[in-house]
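Worksheet: the structure to be examined is printed underneath.
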Amino acid sequence: MTLDSDFTRAQFPAFAEPSLQGQAFFENAGGSYTAGAVIDRLTRYYHQRKVQPYAPYEASQLAGAEMDEARSRLAAMMGVDTDELSFGPSTTQNTYVLAQAFRQYLQPGDAIIVTNQDHEANTGPWRRLADAGIEVREWQIDPATGHLPLERLQALLSGPVKLVCFPHCSNVVGEVNPVAEISRMAHAAGAVTCVDGVSYAPHGFVDVAALGADIYLFSAYKTYGPHQGIMVIRRDLGMALPNQAHYFNAEVLYKRFTPAGPDHAQIAACAGMADYIDAFAAHHGGGGLDAKGRAALAHQLMRDHETALLQPLLDYLGTRNEVRVLGPHQAENRAPTVALQTEARGEDLARALARHGIMAGGGDFYALRALGAMGADADHGVLRLSFVHYTTRAEVDQLIAALDQVL
(Lines give C-alpha, C1' and ligand atoms only; values in the text may rest on other atoms or scores of the structure.)
Protein backbone atom coordinates (compact mmCIF):
# COMPACT_ATOMS: atom_id res chain seq x y z
CA MET A 1 0.00 0.00 0.00
CA THR A 2 1.26 3.49 -0.82
CA LEU A 3 0.29 6.81 0.67
CA ASP A 4 -2.39 8.78 -1.19
CA SER A 5 -0.87 12.25 -1.40
CA ASP A 6 -3.97 13.87 -2.87
CA PHE A 7 -6.11 12.70 0.04
CA THR A 8 -3.42 13.59 2.57
CA ARG A 9 -2.88 17.12 1.34
CA ALA A 10 -6.62 17.72 1.18
CA GLN A 11 -6.67 17.39 5.00
CA PHE A 12 -4.42 20.46 5.37
CA PRO A 13 -5.91 23.87 4.51
CA ALA A 14 -2.44 25.31 3.88
CA PHE A 15 -2.28 23.50 0.55
CA ALA A 16 -5.39 25.36 -0.65
CA GLU A 17 -4.17 28.73 0.65
CA PRO A 18 -3.58 31.13 -2.31
CA SER A 19 -0.70 32.94 -0.61
CA LEU A 20 1.26 29.68 -0.29
CA GLN A 21 0.81 28.43 -3.84
CA GLY A 22 4.01 27.62 -5.69
CA GLN A 23 6.03 27.37 -2.51
CA ALA A 24 7.35 24.09 -1.17
CA PHE A 25 7.55 23.80 2.61
CA PHE A 26 10.84 22.34 3.85
CA GLU A 27 10.95 23.66 7.41
CA ASN A 28 8.64 21.12 9.00
CA ALA A 29 11.12 20.35 11.78
CA GLY A 30 10.34 23.81 13.10
CA GLY A 31 6.59 23.16 13.02
CA SER A 32 4.22 21.39 10.68
CA TYR A 33 1.17 22.64 8.86
CA THR A 34 -1.99 22.22 10.96
CA ALA A 35 -4.60 19.61 10.07
CA GLY A 36 -8.02 20.95 9.16
CA ALA A 37 -9.64 18.84 11.89
CA VAL A 38 -7.54 20.65 14.51
CA ILE A 39 -8.45 24.07 13.13
CA ASP A 40 -12.13 23.12 13.08
CA ARG A 41 -12.07 22.00 16.71
CA LEU A 42 -10.19 25.10 17.83
CA THR A 43 -12.64 27.35 16.01
CA ARG A 44 -15.64 25.51 17.46
CA TYR A 45 -14.22 25.71 20.97
CA TYR A 46 -13.71 29.46 20.75
CA HIS A 47 -17.13 29.97 19.20
CA GLN A 48 -19.18 27.64 21.40
CA ARG A 49 -17.23 26.46 24.47
CA LYS A 50 -14.83 29.16 25.61
CA VAL A 51 -15.90 28.89 29.23
CA GLN A 52 -14.41 27.37 32.35
CA PRO A 53 -14.67 23.60 31.76
CA TYR A 54 -16.24 20.95 34.01
CA ALA A 55 -18.99 23.16 35.46
CA PRO A 56 -22.57 21.79 35.43
CA TYR A 57 -23.91 23.85 32.50
CA GLU A 58 -23.91 22.47 28.95
CA ALA A 59 -21.22 24.60 27.30
CA SER A 60 -18.86 23.85 30.17
CA GLN A 61 -19.62 20.13 30.10
CA LEU A 62 -18.91 20.03 26.36
CA ALA A 63 -15.66 21.92 26.87
CA GLY A 64 -14.44 19.49 29.51
CA ALA A 65 -15.55 16.47 27.53
CA GLU A 66 -13.57 17.60 24.52
CA MET A 67 -10.44 18.10 26.62
CA ASP A 68 -10.89 14.61 28.07
CA GLU A 69 -11.43 13.23 24.58
CA ALA A 70 -8.10 14.62 23.40
CA ARG A 71 -6.23 13.00 26.27
CA SER A 72 -7.95 9.62 26.00
CA ARG A 73 -7.68 9.30 22.23
CA LEU A 74 -4.02 10.32 22.02
CA ALA A 75 -3.14 8.00 24.91
CA ALA A 76 -4.93 5.10 23.18
CA MET A 77 -2.99 5.78 19.98
CA MET A 78 0.28 5.58 21.93
CA GLY A 79 -0.64 2.47 23.91
CA VAL A 80 -0.68 4.07 27.36
CA ASP A 81 -3.33 4.72 30.00
CA THR A 82 -5.25 7.97 29.69
CA ASP A 83 -3.88 9.53 32.86
CA GLU A 84 -0.29 8.81 31.76
CA LEU A 85 -0.57 11.54 29.12
CA SER A 86 -0.48 15.19 30.09
CA PHE A 87 -0.37 18.55 28.34
CA GLY A 88 1.78 21.59 29.02
CA PRO A 89 2.58 24.91 27.34
CA SER A 90 5.59 23.45 25.50
CA THR A 91 7.97 20.52 25.58
CA THR A 92 10.68 22.85 26.85
CA GLN A 93 8.47 23.78 29.80
CA ASN A 94 7.45 20.17 30.43
CA THR A 95 11.11 19.14 30.52
CA TYR A 96 12.00 21.96 32.88
CA VAL A 97 9.23 20.96 35.30
CA LEU A 98 10.34 17.33 35.15
CA ALA A 99 13.91 18.36 35.92
CA GLN A 100 12.71 20.16 39.05
CA ALA A 101 10.90 17.01 40.14
CA PHE A 102 14.06 14.95 39.65
CA ARG A 103 16.07 17.60 41.50
CA GLN A 104 13.94 16.84 44.57
CA TYR A 105 13.85 13.09 43.92
CA LEU A 106 17.55 12.35 43.33
CA GLN A 107 20.21 12.41 46.03
CA PRO A 108 23.62 14.09 45.87
CA GLY A 109 25.99 11.59 44.33
CA ASP A 110 23.34 10.07 42.06
CA ALA A 111 24.21 10.22 38.37
CA ILE A 112 22.29 11.02 35.21
CA ILE A 113 23.31 10.65 31.57
CA VAL A 114 22.68 13.27 28.89
CA THR A 115 23.89 13.48 25.30
CA ASN A 116 25.50 16.16 23.16
CA GLN A 117 23.22 15.16 20.28
CA ASP A 118 20.18 16.82 21.84
CA HIS A 119 18.24 19.97 21.24
CA GLU A 120 19.06 22.20 24.21
CA ALA A 121 15.54 21.80 25.64
CA ASN A 122 16.22 18.16 26.52
CA THR A 123 19.74 18.59 27.82
CA GLY A 124 20.06 22.04 29.42
CA PRO A 125 17.52 21.49 32.25
CA TRP A 126 19.09 18.14 33.13
CA ARG A 127 22.65 19.50 33.12
CA ARG A 128 21.60 22.11 35.69
CA LEU A 129 21.02 19.32 38.20
CA ALA A 130 24.77 19.42 38.74
CA ASP A 131 24.05 22.48 40.92
CA ALA A 132 22.23 20.14 43.32
CA GLY A 133 25.14 17.70 43.57
CA ILE A 134 23.93 15.32 40.87
CA GLU A 135 26.68 13.84 38.71
CA VAL A 136 26.04 14.60 35.03
CA ARG A 137 27.65 12.21 32.55
CA GLU A 138 27.73 13.04 28.84
CA TRP A 139 27.11 10.37 26.22
CA GLN A 140 29.05 11.81 23.31
CA ILE A 141 28.41 11.46 19.59
CA ASP A 142 30.90 10.36 16.97
CA PRO A 143 32.18 13.72 15.65
CA ALA A 144 32.37 12.45 12.06
CA THR A 145 28.87 11.01 11.82
CA GLY A 146 26.83 12.38 14.73
CA HIS A 147 26.02 8.78 15.73
CA LEU A 148 25.50 7.85 19.41
CA PRO A 149 27.53 4.64 19.90
CA LEU A 150 25.85 2.20 22.28
CA GLU A 151 29.20 1.01 23.61
CA ARG A 152 29.83 4.52 24.92
CA LEU A 153 26.52 4.40 26.77
CA GLN A 154 27.35 1.01 28.28
CA ALA A 155 30.59 2.44 29.64
CA LEU A 156 28.64 5.22 31.37
CA LEU A 157 26.00 2.93 32.91
CA SER A 158 27.86 2.10 36.07
CA GLY A 159 27.35 2.99 39.70
CA PRO A 160 24.51 5.27 40.79
CA VAL A 161 22.98 6.11 37.38
CA LYS A 162 19.28 6.89 37.84
CA LEU A 163 18.22 8.59 34.60
CA VAL A 164 19.20 8.49 30.91
CA CYS A 165 18.01 11.41 28.74
CA PHE A 166 18.36 11.16 24.95
CA PRO A 167 16.54 12.05 21.73
CA HIS A 168 14.54 9.67 19.58
CA CYS A 169 16.32 11.51 16.81
CA SER A 170 18.32 14.72 16.69
CA ASN A 171 16.93 17.80 14.96
CA VAL A 172 20.18 18.21 12.99
CA VAL A 173 21.66 14.68 12.78
CA GLY A 174 18.38 12.97 11.86
CA GLU A 175 19.47 9.43 12.73
CA VAL A 176 16.75 7.44 14.48
CA ASN A 177 18.15 6.15 17.76
CA PRO A 178 17.24 2.60 18.94
CA VAL A 179 14.99 3.68 21.81
CA ALA A 180 13.91 0.17 22.82
CA GLU A 181 17.49 -1.09 23.02
CA ILE A 182 18.67 1.98 24.93
CA SER A 183 15.76 1.62 27.34
CA ARG A 184 16.62 -2.02 27.97
CA MET A 185 20.23 -1.09 28.70
CA ALA A 186 19.15 1.69 31.08
CA HIS A 187 16.63 -0.50 32.90
CA ALA A 188 19.20 -3.28 33.33
CA ALA A 189 21.40 -0.72 35.10
CA GLY A 190 18.53 0.43 37.34
CA ALA A 191 17.90 3.70 35.50
CA VAL A 192 14.81 5.20 33.86
CA THR A 193 14.69 6.87 30.46
CA CYS A 194 13.48 10.27 29.27
CA VAL A 195 13.10 10.37 25.50
CA ASP A 196 12.82 13.61 23.54
CA GLY A 197 10.48 12.64 20.70
CA VAL A 198 10.01 16.16 19.30
CA SER A 199 11.96 15.49 16.09
CA TYR A 200 10.59 11.99 15.55
CA ALA A 201 6.88 12.24 16.43
CA PRO A 202 5.98 14.25 13.27
CA HIS A 203 6.83 11.07 11.35
CA GLY A 204 4.41 8.87 13.25
CA PHE A 205 2.92 8.50 16.73
CA VAL A 206 4.85 5.84 18.61
CA ASP A 207 3.88 2.87 20.76
CA VAL A 208 5.46 4.05 24.02
CA ALA A 209 5.12 0.68 25.73
CA ALA A 210 6.90 -1.09 22.88
CA LEU A 211 9.73 1.45 23.08
CA GLY A 212 10.08 0.90 26.82
CA ALA A 213 10.39 4.63 27.45
CA ASP A 214 9.54 5.79 30.96
CA ILE A 215 9.01 9.38 29.75
CA TYR A 216 8.28 10.39 26.15
CA LEU A 217 7.90 14.05 25.18
CA PHE A 218 6.88 15.76 21.95
CA SER A 219 5.20 18.89 20.63
CA ALA A 220 1.71 19.03 19.16
CA TYR A 221 2.55 21.92 16.85
CA LYS A 222 5.00 19.59 15.08
CA THR A 223 2.44 16.80 14.85
CA TYR A 224 -0.17 18.82 12.94
CA GLY A 225 -1.77 20.37 16.02
CA PRO A 226 -1.72 23.49 18.23
CA HIS A 227 1.16 24.82 20.30
CA GLN A 228 1.11 22.38 23.20
CA GLY A 229 3.71 20.12 24.76
CA ILE A 230 2.61 16.51 25.24
CA MET A 231 4.24 14.23 27.78
CA VAL A 232 3.77 10.56 28.54
CA ILE A 233 5.07 9.48 31.93
CA ARG A 234 4.45 5.95 33.12
CA ARG A 235 2.41 5.75 36.30
CA ASP A 236 4.90 4.19 38.73
CA LEU A 237 7.53 6.80 37.95
CA GLY A 238 5.07 9.68 37.79
CA MET A 239 3.61 8.91 41.20
CA ALA A 240 7.07 8.39 42.74
CA LEU A 241 8.38 11.78 41.63
CA PRO A 242 7.49 14.76 43.82
CA ASN A 243 4.31 16.59 42.84
CA GLN A 244 4.99 19.88 41.01
CA ALA A 245 1.40 21.13 40.88
CA HIS A 246 -1.09 22.38 43.49
CA TYR A 247 -1.09 20.10 46.50
CA PHE A 248 -4.73 19.16 45.97
CA ASN A 249 -3.91 17.80 42.50
CA ALA A 250 -1.20 15.47 43.78
CA GLU A 251 -3.24 12.30 43.31
CA VAL A 252 -4.06 13.00 39.64
CA LEU A 253 -1.16 11.81 37.51
CA TYR A 254 -1.84 14.02 34.50
CA LYS A 255 -1.93 17.11 36.73
CA ARG A 256 1.19 16.45 38.82
CA PHE A 257 3.60 18.05 36.33
CA THR A 258 1.43 20.94 35.13
CA PRO A 259 1.93 23.74 37.70
CA ALA A 260 0.12 26.34 35.58
CA GLY A 261 -3.46 26.21 34.35
CA PRO A 262 -3.67 24.42 30.99
CA ASP A 263 -4.76 26.03 27.72
CA HIS A 264 -8.26 24.54 27.52
CA ALA A 265 -8.93 25.38 23.88
CA GLN A 266 -5.64 24.02 22.60
CA ILE A 267 -5.98 20.80 24.56
CA ALA A 268 -9.47 20.31 23.14
CA ALA A 269 -8.14 20.99 19.64
CA CYS A 270 -5.55 18.23 20.06
CA ALA A 271 -8.37 15.73 19.55
CA GLY A 272 -8.22 16.91 15.95
CA MET A 273 -4.85 15.17 15.61
CA ALA A 274 -6.59 11.89 16.45
CA ASP A 275 -9.36 12.78 13.96
CA TYR A 276 -6.70 13.20 11.28
CA ILE A 277 -4.91 9.93 12.03
CA ASP A 278 -8.22 8.06 12.11
CA ALA A 279 -9.31 9.51 8.77
CA PHE A 280 -5.89 8.85 7.26
CA ALA A 281 -5.89 5.23 8.45
CA ALA A 282 -9.47 4.63 7.34
CA HIS A 283 -8.74 5.99 3.85
CA HIS A 284 -5.80 3.58 3.60
CA GLY A 285 -7.78 0.51 4.66
CA GLY A 286 -7.33 0.60 8.42
CA GLY A 287 -10.80 1.63 9.52
CA GLY A 288 -11.38 -1.65 11.34
CA LEU A 289 -8.28 -1.38 13.52
CA ASP A 290 -8.23 -0.14 17.10
CA ALA A 291 -6.69 3.23 17.97
CA LYS A 292 -3.16 1.89 18.39
CA GLY A 293 -3.48 -0.13 15.19
CA ARG A 294 -4.65 2.90 13.23
CA ALA A 295 -1.74 4.93 14.54
CA ALA A 296 0.69 2.14 13.67
CA LEU A 297 -0.66 1.89 10.12
CA ALA A 298 -0.38 5.66 9.68
CA HIS A 299 3.14 5.59 11.12
CA GLN A 300 4.29 2.91 8.66
CA LEU A 301 2.72 4.64 5.64
CA MET A 302 4.29 7.94 6.64
CA ARG A 303 7.76 6.46 7.12
CA ASP A 304 7.65 4.48 3.87
CA HIS A 305 6.62 7.58 1.92
CA GLU A 306 9.21 9.78 3.58
CA THR A 307 12.01 7.26 3.04
CA ALA A 308 11.18 6.97 -0.65
CA LEU A 309 11.41 10.76 -1.03
CA LEU A 310 14.46 11.23 1.16
CA GLN A 311 16.88 8.91 -0.62
CA PRO A 312 16.89 10.85 -3.93
CA LEU A 313 17.63 14.05 -1.99
CA LEU A 314 20.49 12.39 -0.09
CA ASP A 315 21.82 10.90 -3.34
CA TYR A 316 21.81 14.33 -4.98
CA LEU A 317 23.54 15.95 -2.00
CA GLY A 318 26.18 13.22 -2.16
CA THR A 319 27.22 14.55 -5.58
CA ARG A 320 27.93 18.03 -4.22
CA ASN A 321 31.49 18.23 -2.95
CA GLU A 322 30.87 21.63 -1.36
CA VAL A 323 28.23 20.17 0.97
CA ARG A 324 28.62 18.11 4.14
CA VAL A 325 25.47 16.24 5.08
CA LEU A 326 25.24 15.78 8.84
CA GLY A 327 24.12 12.31 9.86
CA PRO A 328 23.45 9.16 7.81
CA HIS A 329 23.50 9.18 4.02
CA GLN A 330 20.94 6.38 3.81
CA ALA A 331 17.26 7.14 4.30
CA GLU A 332 16.18 3.91 6.04
CA ASN A 333 17.26 4.88 9.53
CA ARG A 334 16.91 8.62 9.52
CA ALA A 335 14.12 11.15 9.67
CA PRO A 336 13.72 13.45 6.66
CA THR A 337 15.51 16.26 8.49
CA VAL A 338 18.77 17.07 6.71
CA ALA A 339 21.27 19.65 7.95
CA LEU A 340 23.91 20.86 5.50
CA GLN A 341 27.25 22.39 6.42
CA THR A 342 28.66 24.61 3.66
CA GLU A 343 30.96 27.61 3.26
CA ALA A 344 27.86 29.79 2.97
CA ARG A 345 25.96 30.72 6.09
CA GLY A 346 22.85 28.62 6.68
CA GLU A 347 20.60 31.68 6.87
CA ASP A 348 22.02 33.04 3.60
CA LEU A 349 21.25 29.80 1.80
CA ALA A 350 17.73 29.74 3.22
CA ARG A 351 17.22 33.30 2.01
CA ALA A 352 18.45 32.36 -1.47
CA LEU A 353 16.17 29.32 -1.59
CA ALA A 354 13.16 31.47 -0.71
CA ARG A 355 13.61 33.25 -4.02
CA HIS A 356 13.05 29.87 -5.69
CA GLY A 357 9.87 29.09 -3.78
CA ILE A 358 11.53 26.92 -1.13
CA MET A 359 10.67 27.55 2.53
CA ALA A 360 13.61 26.34 4.61
CA GLY A 361 15.59 27.46 7.64
CA GLY A 362 19.16 28.32 8.52
CA GLY A 363 20.84 28.66 11.90
CA ASP A 364 21.85 26.51 14.87
CA PHE A 365 18.34 25.22 15.74
CA TYR A 366 19.23 25.11 19.46
CA ALA A 367 21.56 22.18 18.72
CA LEU A 368 24.76 24.05 19.50
CA ARG A 369 26.35 21.15 21.37
CA ALA A 370 25.76 18.70 18.51
CA LEU A 371 26.99 21.13 15.86
CA GLY A 372 30.07 21.98 17.88
CA ALA A 373 30.88 18.31 18.47
CA MET A 374 30.75 17.70 14.71
CA GLY A 375 32.98 20.67 13.95
CA ALA A 376 30.24 22.91 12.61
CA ASP A 377 30.32 26.56 13.68
CA ALA A 378 26.98 27.27 15.35
CA ASP A 379 27.30 31.00 14.63
CA HIS A 380 27.82 30.22 10.94
CA GLY A 381 24.88 27.86 11.09
CA VAL A 382 23.65 25.13 8.81
CA LEU A 383 20.92 24.94 6.22
CA ARG A 384 18.19 22.58 7.41
CA LEU A 385 15.78 20.90 5.00
CA SER A 386 12.94 19.00 6.62
CA PHE A 387 9.76 17.45 5.34
CA VAL A 388 6.98 15.08 6.40
CA HIS A 389 4.50 12.71 4.81
CA TYR A 390 2.44 15.36 3.02
CA THR A 391 5.47 16.38 0.95
CA THR A 392 5.46 15.15 -2.67
CA ARG A 393 8.14 14.00 -5.10
CA ALA A 394 7.43 17.08 -7.20
CA GLU A 395 8.33 19.28 -4.24
CA VAL A 396 11.56 17.35 -3.64
CA ASP A 397 12.40 17.83 -7.33
CA GLN A 398 11.67 21.55 -6.93
CA LEU A 399 14.02 21.64 -3.96
CA ILE A 400 16.82 19.87 -5.82
CA ALA A 401 16.48 22.24 -8.77
CA ALA A 402 16.64 25.21 -6.41
CA LEU A 403 19.71 23.82 -4.64
CA ASP A 404 21.39 23.52 -8.02
CA GLN A 405 20.94 27.24 -8.43
CA VAL A 406 22.06 28.42 -4.99
CA LEU A 407 24.87 26.07 -3.91
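Worth a mention:
- The sole residue among Ala260, Ala274, Ala245 that is touching a helix residue (DSSP H, G or I) at 6+ places or on another chain (Cβ under 7 Å), in a loop (DSSP other than H, G, I, E, B) and of a type in the set (A, V, I, L, M) is Ala245.
- Enumeration of residues in region 363-377 that are open to solvent by 20 Å² or more (accessible area, probe 1.4 Å) and either among the aliphatic types (A, V, I, L, M) or outside any helix (DSSP H, G or I) (or both): Asp364, Phe365, Tyr366, Leu368, Ala373, Gly375, Asp377
- Residues that are hydroxyl-bearing (Ser, Thr, Tyr) and open to solvent by 10 Å² or more (accessible area, probe 1.4 Å) were ranked within region 145-195; the one that is farthest from the chain's Cα centre (by Cα) is Ser158.
Matching residues to (1) under 18 Å from Gly79 (Cα atoms); (2) not basic (Lys, Arg); (3) not assigned by the TED database to the domain that holds Val51:
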residue: Ala213; (1), (2), (3): yes, yes, no
residue: Thr223; (1), (2), (3): yes, yes, no
residue: Phe248; (1), (2), (3): no, yes, no
residue: Lys255; (1), (2), (3): no, no, no
residue: Glu306; (1), (2), (3): no, yes, yes
residue: Arg320; (1), (2), (3): no, no, yes
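- Listed by first and then second residue, the pairs linking a residue in region 161-177 that is at positive phi to a residue that is assigned to a strand (DSSP E or B) and not charged (D, E, K, R), with Cβ atoms under 8 Å apart and 6 or more places separating them unless they lie on different chains, are Gly174/Thr337; Gly174/Val338; Gly174/Ala339.
Condition check ((1) touching a Gly at 6+ places or on another chain (Cβ under 9 Å); (2) under 30 Å from Ala394 (Cβ atoms)) across all residues:
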position: Asp4; (1), (2): no, yes
position: Gln11; (1), (2): yes, yes
position: Gln23; (1), (2): yes, yes
position: Gly31; (1), (2): no, yes
position: Gly36; (1), (2): yes, yes
position: Tyr46; (1), (2): no, no
position: Ala65; (1), (2): no, no
position: Arg73; (1), (2): no, no
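- Leu349 being part of a helix (DSSP H, G or I) and touching a His at 6+ places or on another chain (Cβ under 9 Å): no
- Those residues of region 48-66 which are open to solvent by less than 10 Å² (accessible area, probe 1.4 Å) and in contact with a helix residue (DSSP H, G or I) (Cβ under 6 Å, 6 or more places away or on another chain), in sequence order: Glu66
- Meets criteria (touching a residue at least 60 places away in the same chain (Cβ under 8 Å), farther than 25 Å from Gln11 by Cα and among the small types (Gly, Ala, Ser)) for Ala250: no
- Checking each residue in region 312-341 for being part of a loop (DSSP other than H, G, I, E, B) and closer than 12 Å to Arg384 by Cβ picks out Leu326, Gly327, Ala335, Pro336.
- Checked against (1) closer than 30 Å to His284 by Cβ; (2) acidic (Asp, Glu); (3) open to solvent by 50 Å² or more (accessible area, probe 1.4 Å), Glu395 passes all but condition (3).
- Test: Ser183 is in contact with a helix residue (DSSP H, G or I) (Cβ under 9 Å, 6 or more places away or on another chain), polar (S, T, N, Q) and farther than 17 Å from Gly30 by Cβ: yes
- Test: residue in region 316-324 that is over 24 Å from Thr2 (Cβ atoms) and among the hydrophobic types (A, V, I, L, M, F, W, C): yes
- Test for Val198: is it under 18 Å from Ser86 (Cβ atoms), crowded, with 24+ Cβ neighbours inside 10 Å and touching a residue at least 40 places away in the same chain (Cβ under 8 Å): yes
- Criterion violated by Thr123 - all others in (1) under 30 Å from Tyr45 (Cα atoms); (2) under 17 Å from the mean Cα position of the chain (by Cα) satisfied: (1)
- Test: residue in region 27-46 that is of a type outside the set (Gly, Ala, Ser) and either part of a loop (DSSP other than H, G, I, E, B) or at pLDDT below 95 (or both): yes
- Checking each residue in region 75-106 for being open to solvent by 10 Å² or more (accessible area, probe 1.4 Å), touching a Gly at 6+ places or on another chain (Cβ under 9 Å) and either in a strand (DSSP E or B) or more than 25 Å from Leu129 (Cα to Cα) (or both) picks out only Asp83.
- Any hit, region 299-314, residues being on the phi > 0 side of the Ramachandran plot and crowded, with 20+ Cβ neighbours inside 10 Å: no
- The set of residues in region 124-144 being open to solvent by less than 10 Å² (accessible area, probe 1.4 Å) and closer than 30 Å to Gln311 by Cβ consists of Trp139, Ile141.
- Evaluation of His119 against the conditions (1) within 21 Å of Ala378 (Cβ to Cβ); (2) free of Cβ contacts under 8 Å to residues at least 60 places away in the same chain; (3) touching a Pro at 6+ places or on another chain (Cβ under 8 Å) shows that the sole unmet condition is (2).
The values are calculated or read from the model by the stated rules, or taken from the named source; none is laboratory data. Here the structure is a predicted model, which means the values were calculated and not measured. Because the Cβ atoms are built from the backbone with ideal geometry, glycine has one as well, and the counts that use them run over all protein chains shown. Ligands, DNA and RNA are stripped out before the accessible areas are found, and what is left, the full protein with its side chains, is counted by its heavy atoms. Shrake-Rupley method; radii C 1.70, N 1.55, O 1.52, S 1.80 Å.
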